[in-house]
Each structure stands twice: as C-alpha cells, then as structure tokens.
1. Based on this model, can you work out whether Leu212 counts as touching a strand residue (DSSP E or B) at 6+ places or on another chain (Cβ under 8 Å), surrounded by fewer than 17 Cβ atoms within 10 Å (Cβ to Cβ), of a type in the set (A, V, I, L, M) and modelled with pLDDT under 95?
2. Given the options Tyr434, Tyr475, name the one that is open to solvent by 10 Å² or more (accessible area, probe 1.4 Å), out of contact with any Asp or Glu (no Cβ under 7 Å at 6 or more places or on another chain), assigned to a helix (DSSP H, G or I) and of a type outside the set (Lys, Arg).
3. Please tell me if Pro385 is within 26 Å of Thr66 (Cα to Cα) and in contact (Cβ under 8 Å) with a residue 60 or more places away in the chain.
4. Test each condition in (1) out of contact with any helix residue (DSSP H, G or I) (no Cβ under 6 Å at 6 or more places or on another chain); (2) open to solvent by less than 10 Å² (accessible area, probe 1.4 Å); (3) assigned to a strand (DSSP E or B) for Thr411 and report the one that comes out false.
5. Which condition number in (1) within 17 Å of Arg122 (Cβ to Cβ); (2) modelled with pLDDT of 95 or more; (3) under 16 Å from the mean Cα position of the chain (by Cα) is the one that Val62 fails?
6. Take the residues in the stretch 343-360 that are within 30 Å of the chain's Cα centre (by Cα) and surrounded by fewer than 23 Cβ atoms within 10 Å (Cβ to Cβ), then tell me which one is farthest from Asn251 (Cα to Cα).
7. What residue, among those in the stretch 298-322 that are buried (at least 24 other Cβ atoms within 10 Å of the Cβ) and of a type in the set (Phe, Trp, Tyr), is farthest from Phe477 (Cα to Cα)?
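The values are calculated or read from the model by the stated rules, or taken from the named source; none is laboratory data. Source: prediction; values computed, not measured. In this analysis, Cβ positions are derived from the backbone assuming ideal geometry, glycine residues included, and neighbour counts consider all displayed protein chains. Ligands, DNA and RNA are stripped out before the accessible areas are found, and what is left, the full protein with its side chains, is counted by its heavy atoms. Shrake-Rupley method; radii C 1.70, N 1.55, O 1.52, S 1.80 Å.
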Amino acid sequence: MNTFNKASLLATLTLLILTSISKNAHSFDFDNGNAPAQIVIPTIIPVILQDVSPGAGDATLVLRNTILVTNAWFDAIAPYHPTAIGIYSQFDHRMTESTNREKNIAILYASYHVMLSLQPQRMQTWRAMLEDLGLDPDLDTDDTSTPEGLGIVAGKNVVFNRQNDGMNQLGNIAADGEEAKYNPVPYLDYTGYSPKNSPTLLLFPSKWQPALVSSGTGLFKAQHFVTPQLKNVTPYSYKNPRKFRAPKPTNSNVINWAGYIEQAQQVLYFSANLTEEQKMKAEFFDNKFRSLGFSAVQAAQLYNLNLMDFVHFDFLVNVAAFDTSIAIWQEKYRHDAVRPFSAIGYIWGDKHVSSWGGPRQGTVIDMPANQWKSYMPVADHPEYPSASASFCAAHAIAARKYLGSDNLNWTIPIPQGSSVVEPGFSPAADTELYFDTWTDFSNDCGDSRVWAGVHFPDAVPSGQKIGREIGGIAYDFVMGHINGDVN
C-alpha cells in the first residue's frame, strides 16, 4: 500500500470514528455516556493505524491491543455487576450505582494503564485522554473502594498477567529463545521460523513465499511472517490449541498438480469477474476495525445495550477472535502454505491470463501470470487456513449466542471514489453494503478473501470451522465469568 493510500485510509477511518461514535471529550457525560465507545475507541484507533497496522488488515497486533483493553474494561467494572468475576482481578461486589459515572471512571483508568503498556511511546496521547476529562493520569492508588482504584488495579493486573504470555511483548526473549539482556526487540519471533522461499525465488512451490512489498516510492521490503510466536500465547478460553486442527491443504501441494492448477484457476476467475460490491466488501473485511470492531458498536445500538452489556459483549467477541488467532497461527505455522500470487506465477510464468489488471484497469486478458497481483495486498503470513474467515466466524457465533439473535441489520455507506485500492475510481457512485444477519456477515467475510485473491477457496471453510468452535467456547468462558461460575 503506498503512502497516499495509507493517508487516505487513516483520514477515512478517523472521519468514520468522529461521525459515528465519538463525542467531544470535554462534553462527555459521565453519568449517561459510554466511555469505551465515545472516548477510548476513538483515541486508540488512530494510534494503532499509525503505529501498529496502517491498513488494520494484519490482525495479530490489532487483536492484542483490543483484547487487553476490553479485558481491562471487563475486570474494572465487574464489581458493579451482581455476579461478575474479573479475569485477573477479583474484587468485592458492591451495589450497582444508579448512573454510569463510576463505571466510566474505572474503565478510563484501566484503559490508560493497558495502553501505556502496549504503546508507551504514545504516553502523551493516553495522558491527554484522561486530562481532557478532568481525570489525573498521575493518580496511583490501590484503594478498590473507589472507581479510580478499581480501574488502576484492574489495568495493572491485565498488564502484569499478559506482558509475558508468550507474545514477547517486552522483547525480553531473543531470537534464539534465550533471555535478551540487551536491546530488547518487542514482539520478536523466538520460534526459529524461516521461510522455505525467498521473495525472488520459489524453490518450494507448495510453501509460503514472502512477498516483496513496494512503497511506490522506490523502497522495497521483504515480508516476514508476522508474530509466528502467537501460536505459543496463552489463550483465555481453552488450555491448548492443539485440539484445533485444519486438514492438510492438499490442493496447495504441487504434487497434486491438477488440484494445484484448479485452485489457482478459481482465484483467477474471481479476479477477472470482480464486481464493485465484491471490491468494497473485500476492503471492508480487510480492515478489522471497520468490520469486526464497528460491528460491536452496531450491535450495541441495535440491541440497546447498556454500558455493562456493551463491555461484556465487546470483551466476548474479542476473546473469540483472539483465542481463534492462536489456533489459526498454530496451523499457519504447521502448514506453511503457498499464497495464490506465488502459485499463479509458478504455473503459468509469462503466459497471459485474464484477471483484474490493477487499479483503474478493470479486467484484462493479456496479463503475464508472473505479474499478477491480488486485489487486496497480500498479508505477511502463510496462506492456510484463512485468518479473516476464522475471526469473522468466531465473532459471529459469539455475537449470536450473546444477543440471542442472528439479526444484524447493518448498513454501511460507501461514498463514491472512497476505495483504498482504487481511490477516486471505485465505487463509481455512492453505494451501501448491507448485512442482514451475522451469518451473512461471516459468510461474506470468508468469501471476500477469495474475491480479493489473497486466499484459495479451501482456506475459508477450514478457518471458519475453527473459528465457530472457538467462538462457542469463548461464549461459555465469558458467560461463566459474568455469572460468577468460575472454578
């Protein structure tokens, strides 16, 4: 993605945040407002888009930020619920206050301490989040009879329990798996993963090839498998990801030449027949904030969730997606499967194929196969199973169970020319995306990865199966904590 498109995406997302869920911090109503939706989320998203994931497409670090923050919310206000028990903080219950004031204060302090741990370079942003509301970021109390104390202790407990959970957040594990005494590198891979192929040479056509990514300004970077150590991270809702397995992607094995060609032909078919709706859905689901994140806000509005319910719901769907990511990364690491761009170039070389021809080109019939590119940028991890399809499936299952309904009724306006891939060109006119149900949302999410050319068809159901299973397990786990039924 070039610099212009990154800036365009950030501007678009910021506008969406400000116009859909944000209010001026100085006018925030502590007694009736929703600090997570109105203050915390709008503060966090621009930082993550700038510092962590410019396209919000690679979910591993995005999910880490959102799960730890929503965990802190959950724990901070558990005492204000009749039965809820936090994950890392078990406070005494108290009578539920008549307004949201105490809950919002606890949530804001908890968010501050988690985000300070995750993004310490943005300290001034997190301080301003509290100061603009008249809260003191320098307050340090463990008096859990106050909402300030509840939030501070809950946030610090999440940080303490998650800084060394296998993700190497502090960089205190070196590449060789030993302790890093000097110059720690946060989130450094310590598993020893090494790709079988280089960005310029495909020696093993069944295996993942890192892409060579251009900035559009003459700078090139080779992809690295993003956070392969995620497979070792401690889940919330189950003990061991080994119970979740995806079958071998036999069509991605070059020995199965007929299957290898067939799945590449399927990707080319969708690429050559891309509709504007498919393009916009591919972009929508590629951005995890706009799709997974904002769907929680839509659910809150549609089902009239109060602050407590919103926190419970948002934490639940984040547990579902986060715990799914651990199992999916285990399988991506295990199968190490080839991406479509590598296979298509390998099969047909410089022979012409029919395909989407690139931004503003439409469908062309004379593209050399070794110049083919997917509609969406290819992610920096092996192909199988589809992570996005699995996250959406887990999210949707957990949402349906919690809300007691499949109804979503979500309309997303897409202004003319607002495409990230084809800015100023697509869509040709103002349009709308509509998801009647969570099932529709999940299905279109999975299909969009094939439309976008970043996955082969088999990767979608394999990811969805794992996501659905873990989504149900996550629901049971979170409801156990809400109902106080924790062993």
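1. Working: touching a strand residue (DSSP E or B) at 6+ places or on another chain (Cβ under 8 Å): yes; surrounded by fewer than 17 Cβ atoms within 10 Å (Cβ to Cβ): yes; of a type in the set (A, V, I, L, M): yes; modelled with pLDDT under 95: yes.
Yes; evaluated as a whole, the condition is true for this residue.
2. Numbers: Tyr434 fails: assigned to a helix (DSSP H, G or I).
On inspection, the qualifying residue turns out to be Tyr475.
3. On the way: within 26 Å of Thr66 (Cα to Cα): yes; in contact (Cβ under 8 Å) with a residue 60 or more places away in the chain: yes.
Yes, satisfied.
4. With respect to (1) out of contact with any helix residue (DSSP H, G or I) (no Cβ under 6 Å at 6 or more places or on another chain); (2) open to solvent by less than 10 Å² (accessible area, probe 1.4 Å); (3) assigned to a strand (DSSP E or B), Thr411 is out only on (2).
5. The single condition Val62 does not satisfy is (2).
6. Arg360
7. Within the stretch 298-322, the match that is farthest from Phe477 (Cα to Cα) is Phe322.
Residue-by-condition table, conditions (1) open to solvent by 10 Å² or more (accessible area, probe 1.4 Å); (2) at pLDDT below 95; (3) in contact with a Lys or Arg (Cβ under 6 Å, 6 or more places away or on another chain); (4) closer than 14 Å to Lys279 by Cα:
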residue	(1), (2), (3), (4)
Gly417	yes, no, no, yes
Asp444	yes, no, yes, yes
Gly453	no, no, no, yes
Ser462	yes, no, no, no
Gly467	no, no, no, no
Gly471	no, no, no, no
